[in-house]
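The values are calculated or read from the model by the stated rules, or taken from the named source; none is laboratory data. Note that the coordinates shown come from a computational prediction; the quantities given were computed from them, not determined experimentally. Neighbour counts run over all protein chains shown; Cβ positions are idealised from the backbone, glycine included. When the accessible area is computed, the model is the full protein with side chains, heavy atoms only, and any ligands, DNA or RNA have been set aside. Shrake-Rupley method; radii C 1.70, N 1.55, O 1.52, S 1.80 Å.
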Amino acid sequence: MIKKLFIKTFGCQMNEYDSDKMADVLRACEGMERTDRPEEADVILFNTCSIREKAEEKVFSDLGRVRPLKQAKPGLLIGVGGCVASQEGEVIMKRAPYVDVVFGPQTLHRLPQLLQARRDTGRPQMDISFPEIEKFDHLPAPVLNIPGHSIMSGRALPQGEVPQITSGAAFVSIMEGCSKYCTYCVVPYTRGEEISRPFADVICDIEELVAQGVKEITLLGQNVNAYCGATEDGDTLDFALLLQAVAALDGVERLRYTTSHPKEMTQRLIDVYATTPKLVSHLHLPVQSGSDRILAAMKRSYTALEYKSIVRRLRAARPDICITSDFIVGFPGETERDFEATMKLIDDVGFDVSFSYLYSPRPGTPAAELNDDTPPEEKSARLARLQARIDELEQQVNQSMLGTVQRVLVEGVSKKDALELAGRTDNNRVVNFCGTSDLIGRFVEVKIAGVVRHTLRGELILKLEKS
Ligand code: SAH
Ligand code: SF4
Ligand code: F3S
């Protein structure tokens with residue numbers, strides 16, 4: 001009988017990507033199929049996130065919920081991976097002794113061996129080491145199945161296996177980890193230092209995806225613009241050159257990347273926006289705060305003015321670019337004046353859709369030691385004000401798109417109405433519109449006819465290509 005795998009993913013796109021890789025590796029080695037019902041699973045995995053306190057606590061409550069399933073199915077194995085596992089592996093083993101395997105973001109390729117060792121020895125297994133970039137050398141090649149396209153690489157899957165159905169858009173990880181050590185953040189501790197994948201490996205992954213019909217690539221990493229990849233002749237290549245090389249590949253029609261750091265936003269990279277139309281007019285460039293005092297305490301290594309200078313140069317290269325950001329509100333010592341500086345920066349830059357969070361002290365990070373005397377109600381009030389302003393700015397962009405014709409990659413059926421299609425614009429807006437399912441995975445032109453909160457409504461104008 002085919003064994004079933006249930007994975008619950010918390011956290012960022014890196015974790016989403018890793019969960020797909022866990023499924024790939026277990027499909028290739030154990031012939032497992034994914035299920036969305038934990039009750040029917042033979043293996044249940046939690047891919048965890050520890051960026052904020054709430055994300056971490058959720059794992060333990062979810063673990064408690066699946067524990068009774070073990071009584072009904074004695075062979076069921078439960079695994080915990082991701083960033084909580086990486087930082088708190090021992091704690092998980094103690095607090096939830098029924099967990100069978102614990103593994104980190106850099107050891108997920110060893111899952112089949114860990115599960116087998118658990119079955120053979122009857123003892124829980126843990127591997128949360130950082131074996132550099134080894135992970136990528138042990139993962140099956142990317143395989144996709146896009147409706148209307150039948151080409152498959154065949155290298156990764158056992159015969160007869162049905163690959164995941166996707167949309168013409170795919171993620172490719174180009175680097176792992178982070179070496180910035182912002183004072184509030186756990187990522188360098190959970191994922192290790194920045195390591196870039198070799199240039200040829202990235203290009204090879206993209207070529208395979210394109211051969212399967214993928215048209216849009218998102219390059220993925222904690223700080224993609226710190227990319228420094230080895231070439232085959234022993235040289236290295238930076239992110240600006242990587243972008244140009246990827247854009248030059250036939251079949252790559254649209255190119256995105258996330259996340260990037262202002263410190264690594266070189267003029268060479270900014271210039272790519274002027275010369276590379278395939279690169280989208282959307283950049284997620286988290287600023288975190290608009291106060292230089294707080295930025296220094298966060299160890300972000302830029303000032304608000306330097307950030308604005310980057311934005312000015314980006315807009316010179318690409319006038320219609322939408323800039324989005326992450327914000328942390330209520331960092332220790334943030335005064336009303338610091339917060340006003342953030343609000344001013346928001347207006348100066350005109351940020352589009354952004355994420356904002358209340359500061360959450362993380363064990364083991366330097367900021368967790370700082371004195372933090374701002375009352376929680378004050379922090380929450382600041383967050384609400386910031387979010388309301390960002391919402392207004394988002395709506396301004398939405399309104400400015402009304403009546404325009406947008407190039408949209410059709411990603412699937414709409415979440416709200418299965419009779420409608422959903423696609424994404426260049427500036428990362430979801431558009432719902434009427435159309436037939438043969439358009440999934442293709443570019444179309446859609447006229448923007450309305451706005452419903454965070455999504456747009458459109459009318460199909462043109463199919464941009466043959467099947
Ligand atoms: N590498 C990216 C973001 C990584 S984490 C960058 O540097 O911009 C995603 C976001 O989580 C961060 O941008 C930050 O806004 C938020 N974050 C990280 N640690 C946090 C903490 N301790 N409390 C609240 N938000 C946090
Ligand atoms: Fe965390 Fe800073 Fe690295 Fe982003 S750059 S992952 S916020 S340490
Ligand atoms: Fe969370 Fe780890 Fe991503 S802490 S945000 S899953 S890198």
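The set of residues in segment 37-57 being of a type in the set (Lys, Arg) and part of a loop (DSSP other than H, G, I, E, B) consists of Arg37, Arg52. Among the residues making up segment 413-429, those that are touching a Leu at 6+ places or on another chain (Cβ under 7 Å) and either surrounded by fewer than 17 Cβ atoms within 10 Å (Cβ to Cβ) or assigned to a loop (DSSP other than H, G, I, E, B) (or both) are Val413, Ser414, Arg429.
Restricting attention to segment 168-181 and to residues that are open to solvent by 10 Å² or more (accessible area, probe 1.4 Å) and over 16 Å from the mean Cα position of the chain (by Cα), the residue that is nearest to ligand 2 (Cβ to nearest atom) turns out to be Lys180.
Quick check on segment 288-308. Is at least one of its residues modelled with pLDDT of 95 or more, more than 24 Å from Pro376 (Cα to Cα) and touching a Gly at 6+ places or on another chain (Cβ under 9 Å)? Yes, because at least one residue in segment 288-308 is modelled with pLDDT of 95 or more, more than 24 Å from Pro376 (Cα to Cα) and touching a Gly at 6+ places or on another chain (Cβ under 9 Å).
Among the residues of segment 312-343, those identified as more than 16 Å from ligand 2 (Cβ to nearest atom), open to solvent by 10 Å² or more (accessible area, probe 1.4 Å) and under 26 Å from Met401 (Cβ atoms) are Arg312, Arg313, Arg315, Ala316, Ala317, Arg318, Pro319, Asp320, Cys322, Met343. The requirement of being of a type in the set (Ser, Thr, Tyr) and within 16 Å of the chain's Cα centre (by Cα) is fulfilled somewhere in segment 18-39, by at least one residue. Can you name the residue in segment 249-296 that is of a type in the set (Gly, Ala, Ser) and buried (at least 21 other Cβ atoms within 10 Å of the Cβ) and is also nearest to Gly168 (Cα to Cα) among such residues? By that ranking, first place goes to Ser260. Of all residue pairs spaced 6 or more apart or on separate chains, those with beta-carbon atoms under 7 Å, a first member in segment 188-200 that is closer than 18 Å to Cys12 by Cβ and a second member that is open to solvent by 50 Å² or more (accessible area, probe 1.4 Å) and polar (S, T, N, Q) are Tyr189/Gln87; Thr190/Gln87.
Which residues, taken from segment 61-87, are within 16 Å of ligand 1 (Cβ to nearest atom), touching a strand residue (DSSP E or B) at 6+ places or on another chain (Cβ under 9 Å) and on the phi < 0 side of the Ramachandran plot? Those that are within 16 Å of ligand 1 (Cβ to nearest atom), touching a strand residue (DSSP E or B) at 6+ places or on another chain (Cβ under 9 Å) and on the phi < 0 side of the Ramachandran plot: Cys83, Val84, Ser86.
The one condition from (1) part of a helix (DSSP H, G or I); (2) modelled with pLDDT under 95 that Val246 does not meet is (2).
Per-residue answers, yes or no, for (1) of a type in the set (Lys, Arg); (2) within 22 Å of Thr258 (Cβ to Cβ); (3) within 16 Å of ligand 3 (Cβ to nearest atom):
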{"site": "Pro286", "(1), (2), (3)": "no, yes, yes"}
{"site": "Leu295", "(1), (2), (3)": "no, yes, no"}
{"site": "Lys299", "(1), (2), (3)": "yes, yes, no"}
{"site": "Ala316", "(1), (2), (3)": "no, no, no"}
{"site": "Glu378", "(1), (2), (3)": "no, no, no"}
{"site": "Ala384", "(1), (2), (3)": "no, no, no"}
{"site": "Leu393", "(1), (2), (3)": "no, yes, no"}
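Residues checked against (1) among the aromatic types (Phe, Trp, Tyr); (2) open to solvent by 50 Å² or more (accessible area, probe 1.4 Å); (3) more than 16 Å from ligand 1 (Cβ to nearest atom):
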position	(1), (2), (3)
Phe351	yes, no, no
Ser354	no, no, no
Tyr359	yes, no, no
Gly364	no, yes, no
Leu370	no, yes, no
Arg385	no, yes, yes
Arg389	no, yes, yes
Glu394	no, no, yes
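When segment 56-84 is limited to residues that are surrounded by fewer than 19 Cβ atoms within 10 Å (Cβ to Cβ) and among the charged types (D, E, K, R), the one that is farthest from the chain's Cα centre (by Cα) turns out to be Lys73. Just one of the numbered conditions (1) within 16 Å of ligand 1 (Cβ to nearest atom); (2) within 17 Å of the chain's Cα centre (by Cα) is not true of Val280: (1).
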